[in-house]
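Student: Have a look at this one before I ask anything.
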Amino acid sequence: MHSNQSYIEVNVKFLFGLEKGLPLKNRQTNIKISQPFTVQHLIEVLEKMYPKLKENIRYKGEFVPYLNIVVNGCEILPIQARNKELREGDQIVLMYVGVGG
Amino acid sequence: MSKYSAYCGKLLRVNLTSGVITEENLQDDVLEKYIGCNGLGAYYLYKETPKGVDPLGEDNKLIFFTGPLTGTIFPSAPKIGIFSKSPLTNGFMDSYAGGHFGAELKFAGYDGLIVEGKSEKPVYLWINDGHIELCDASKYWGKSTTETREAIKKDLEEPLIRIAVIGPAGEKLVNYSCIMVDGTHAAGRGGLGAVMGAKNLKAIAIKGTKNSIKVANKEKAMEIVESLFEEIRTNKVLSTGLPTYGTTGATMANNSTGILGTRNWQTEVFENAENISNVELADKLFEKTLSCYQCPVRCVHYCKIKEGKYSGLETMKPQYETVYSFGSLCGISDPNVIAKANHVCNETGLDTISAGVSIAFIMECFEKGILKEEDLDGIKAEFGNSDALIELLEKVAAKEGIGEFVGLGTKIMSEKLGQGTHKFAINIKGLELAGHSVRGYKGMSLGYAVSPRGGSHQDMRHIPERSGQFDRRTIKDKEQLVHDIMSTTVIRDTFTYCAMIEGNIGRVGLSDKHVKIINAICGFEFDVEDLQKIADRIINLERCFNVREGMDRKDDILPERFMTEPIPEGPSAGMYTPKEELDEMLDKYYELRGWDQNGVPLAETIRNLNLDDIVKQPI
Ligand code: SF4
């Protein structure tokens with residue numbers, strides 16, 4: 001499907017404190033990633049771009065269990081992120097769950 | 001004295017008709033069956049009220065219970081539970097408030113308080129350690145909650161006492177009036193303020209100085225407490241998110257997945273959500289952080305409106321449910337207006353969820369031409385009209401003009417209006433819906449339908465589906481999910497720890513962690529199976545209460561909008577819960593619970609749960 005493309009561009013939003021300490025405008029960024037087009041790879045790229053992000057989404061090297069990744073409105077767990085495929089124009093939200101009264 | 005630790009072993013009974021005040025011992029066999037707060041509230045309410053009791057009559061009781069964790073070294077467990085038959089749902093109602101009132105009651109020597117009868121004139125109850133008095137409250141009647149609290153403190157010359165109070169809305173018996181606790185928290189849901197008002201009880205003031213609460217196994221308890229403190233310290237939601245934003249992070253979280261109730265749930269994407277996001281609210285309003293008794297999380301905030309019409313107003317910062325009900329649901333995108341609406345509710349004693357949902361219903365009636373300006377005392381009740389929102393709220397609290405009608409709640413309003421308005425009357429069993437989508441979570445839709453309270457988000461929880469741990473788009477196995485989550489929420493409200501830390505103890509199903517906590521604190525010797533039986537017993541007793549009061553399968557129903565109109569746009573477009581899906585889930589859930597096809601607990605279920613001592617057949 002994407003095999004001929006060398007990169008795709010996606011939009012990433014950071015919510016509920018995940019944006020803390022990151023040099024972002026409006027708590028979001030458009031980012032180009034190369035293959036593999038997976039959520040796992042996107043997060044690796046983001047962690048390289050924003051070293052502070054690591055502190056917000058990992059504890060002792062592991063993803064915090066209350067991290068929520070939303071791709072086009074569908075939630076996935078960090079554990080399922082590895083193979084979740086991304087496409088050009090996808091909207092990704094990184095946020096914490098555990099809020100809401 | 002109980003043989004179990006962490007209890008005072010006593011409850012206070014106050015008969016307002018006769019003025020007689022008595023102390024009773026809590027029986028150990030009752031504690032073994034019901035443990036505390038939610039369990040004991042359900043037990044006493046079922047046992048002591050007659051079938052068909054009028055919620056606002058002398059025979060209804062208003063029951064307050066703490067839990068065994070309240071007032072101990074256990075963190076984030078400050079809650080007081082309040083129980084009664086609801087004037088809004090005509091069924092079982094429990095509502096919980098944080099603050100310091102619960103711990104203070106225990107320090108005064110009581111695990112709970114049962115208020116019965118009706119006083120001839122307005123009174124307040126003064127619990128001064130073991131010395132109890134009913135005092136004249138005539139001069140406080142008609143005053144706001146803050147005015148009353150401050151006046152009582154001044155008159156008693158006791159600036160540090162803890163007070164639960166009703167406002168003018170409770171005095172006037174508004175169906176969704178609340179009880180304000182410590183000025184910072186509300187036992188909001190189900191109209192318990194009206195039950196208190198009907199008894200002519202304006203307030204309960206407590207001074208407790210005898211903290212002699214002991215835990216059973218100090219070493220084990222400390223181990224649990226220390227590890228919980230460490231978890232709270234290292235958890236970003238609890239250590240940073242909630243102290244900075246309260247629960248308002250949910251606004252953008254829900255909007256980003258297309259499940260934020262907007263304009264009376266006509267859609268679930270709010271185009272102005274950014275304006276009422278957690279960040280905007282914090283930037284515009286935040287002043288300082290407050291905490292409940294022994295809670296390191298500190299999710300409660302004080303705020304100040306700094307600009308616009310209400311500039312200078314200092315008040316409590318709204319939490320998510322209020323941002324939903326007065327914000328997106330009414331089409332309002334100004335945090336200052338939401339804070340003002342929250343303030344009106346806190347001071348007059350109204351539930352912000354029911355008030356916002358009721359006004360959103362009026363706004364949709366106005367939009368559809370069913371109600372016109374002349375029907376609404378000249379108010380142009382358009383979605384997004386901030387002045388209309390505040391004016392309607394003030395009228396509800398004063399039970400004045402159209403406010404009397406709006407104060408009935410969406411169920412009764414739609415019954416009176418007819419014209420198909422029931423389709424968008426957003427309540428379950430008469431209780432207006434909290435800010436978590438029915439259509440966007442299949443499990444929540446079943447959970448809401450079978451919740452004893454109705455439209456409450458505290459019996460079933462949305463987080464396991466919202467996190468992706470369970471697929472929110474399928475009905476598969478949701479009966480088991482609802483069963484497991486409701487077991488943990490009923491135990492949470494029985495032990496009385498806060499919903500904010502429920503994820504640290506276990507959200508889906510009871511575990512060893514629950515067992516270790518209660519055994520270390522109280523000295524029980526429960527295992528997980530025992531605890532499951534207790535959870536099942538309490539859930540069934542609440543169900544029996546509702547069945548006794550005339551509810552059954554017909555009441556386990558969702559608002560028609562959610563069963564017939566798919567979400568029209570956004571990331572969750574197309575989702576809804578058709579009646580056939582709900583029925584399929586209900587059949588499976590009833591079977592799992594040991595209820596018949598009509599949702600009535602079987603005699604065998606009652607017997608197996610040892611409820612046959614108080615539940616008589618037929619129910
Ligand atoms: S988390 Fe918030 S509501 Fe819960 S006990 Fe702590 S301060 Fe109170």
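Student: Considering the zone a paramagnetic label at residue B:58 would reach in this model (a point 7 Å from Cα along the Cα-to-Cβ line), which residues of region B:1-39 have amide N under 12 Å from it?
Tutor: The answer is B:16-19.
Student: Taking the Cβ of residue A:95 as the center, what net charge do the other residues with Cβ under 13 Å away carry, scoring Lys and Arg +1 and Asp and Glu -1?
Tutor: Spelling it out: positives minus negatives among the neighbours equals +3.
Student: For the interface of chains B and A, what total accessible area is buried with a 1.4 Å probe, rounded to the nearest 100 Å²?
Tutor: 2500 Å²
Student: Okay, moving on. If you roll a 1.4 Å probe over region B:247-324 with all protein chains in place, what percent of the accessible area is carbon or sulfur?
Tutor: C and S fraction of accessible area: 46 percent.
Student: Residue by residue, what Karplus-based ³J(HN,Hα) values in Hz, rounded to whole numbers, does region B:349-356 have, using 6.51, -1.76 and 1.60 with θ = phi - 60° and x for Gly and Pro?
Tutor: 3J(HN,Hα) across region B:349-356, in whole Hz: x, 10, 6, 5, 5, 4, 5, x.
Student: Check which residues have an amide H placed less than 5 Å from residue B:263's amide H, if you skip close sequence neighbours.
Tutor: B:329, B:330, B:331
Student: I need to check one value: relative contact order of region B:10-207, counting alpha carbon pairs closer than 8 Å and at least 6 residues apart, in percent.
Tutor: About 23 percent, as a whole number.
Student: Sequence gap at least 6, Cα distance under 8 Å: using those rules, report the relative contact order of chain B to the nearest whole percent.
Tutor: After rounding, I find 15 percent.
Student: Give the separation of the Cα centroids, region B:343-408 to region B:80-131, in Å.
Tutor: 29 Å
Student: From the backbone phi of region B:144-157, what are the Karplus-calculated ³J(HN,Hα) couplings (6.51 cos²θ - 1.76 cosθ + 1.60, θ = phi - 60°) in whole Hz, Gly and Pro given as x?
Tutor: Ordered by residue, 3J(HN,Hα) equals 6, 5, 5, 4, 5, 4, 5, 5, 5, 4, 5, 5, 8, 6 Hz.
Student: Using +1 on the beta carbon of Lys and Arg, -1 on that of Asp and Glu, and nothing else charged, what's the dipole of the protein assembly as shown about the Cα centre, debye to 20?
Tutor: Result for the protein assembly as shown is approximately 1160 debye, rounded to the nearest 20.
Student: May I pose another question? Please give me the summed charge of the neighbours of residue B:172: other residues whose Cβ is under 11 Å from its Cβ, Lys and Arg +1, Asp and Glu -1.
Tutor: Neighbourhood net charge equals -2.
Student: What is the magnitude of the charge dipole of region B:10-207 about its Cα centre, with +1 placed on the Cβ of each Lys and Arg, -1 on the Cβ of each Asp and Glu, and no other charges, expressed in debye to the nearest 20?
Tutor: Roughly 500 debye for region B:10-207.
Student: Calculated FRET efficiency, residue A:54 and residue B:218, Cβ-Cβ r, R0 45 Å, to nearest 0.05?
Tutor: 0.70
Student: Which net charge results for the neighbourhood of residue B:377, defined as the other residues with beta-carbon distances under 9 angstrom from its beta-carbon, given Lys and Arg at +1 and Asp and Glu at -1?
Tutor: Its environment carries a net charge of -4.
Student: Quick one: length gained pulling residue B:573 to residue B:156 fully straight, 0.36 nm per residue minus the C-alpha distance?
Tutor: Once the chain is fully extended between residue B:573 and residue B:156, it gains 144.4 nm.
Student: So which lysines can residue B:3 reach, going by Cα to Cα under 20 Å and dropping same-chain residues fewer than 8 places off?
Tutor: B:33, B:106, B:210, B:214, B:218, B:220, B:516
Student: Put +1 on the Cβ of each Lys and Arg and -1 on the Cβ of each Asp and Glu in chain B; which of B:216, B:200, B:505 then has its Cα farthest toward the positive end of the dipole?
Tutor: B:216
Student: Please list, ordered by chain and number, the residues whose modelled amide H lies under 5 Å from the amide H of residue B:128; skip anything fewer than 5 residues away on the same chain.
Tutor: It is B:133, B:207, by chain and number.
Student: Another question, if that's okay. What is the set of long-range amide H partners of residue B:16 at a cut-off below 5 Å, with H atoms built 1.01 Å from backbone N?
Tutor: The answer is B:116, B:117, B:118.
Student: Can you pull out the GluC sites (Glu not before Pro) in region B:240-310 whose DSSP state is coil and whose Cβ has at most 12 other Cβ atoms within 10 Å?
Tutor: B:271, B:307
Student: How large is ³J(HN,Hα) for each residue in region B:85-102, as worked out from phi by the Karplus curve 6.51 cos²θ - 1.76 cosθ + 1.60 (θ = phi - 60°), to whole Hz, x for Gly and Pro?
Tutor: With coefficients 6.51, -1.76 and 1.60, one gets 7, 7, x, 8, 10, 6, x, 5, 9, 10, 9, 10, 10, x, x, 10, 4, x Hz.
The values are calculated or read from the model by the stated rules, or taken from the named source; none is laboratory data. In this text the structure is predicted, and so the values were computed from the model without any measurement. Positions of Cβ are backbone-derived with ideal geometry, glycine not excepted, and every protein chain shown enters the neighbour counts. What goes into the accessible areas is simple: the full protein's heavy atoms, side chains included, and nothing from ligands, DNA or RNA. Shrake-Rupley method; radii C 1.70, N 1.55, O 1.52, S 1.80 Å.
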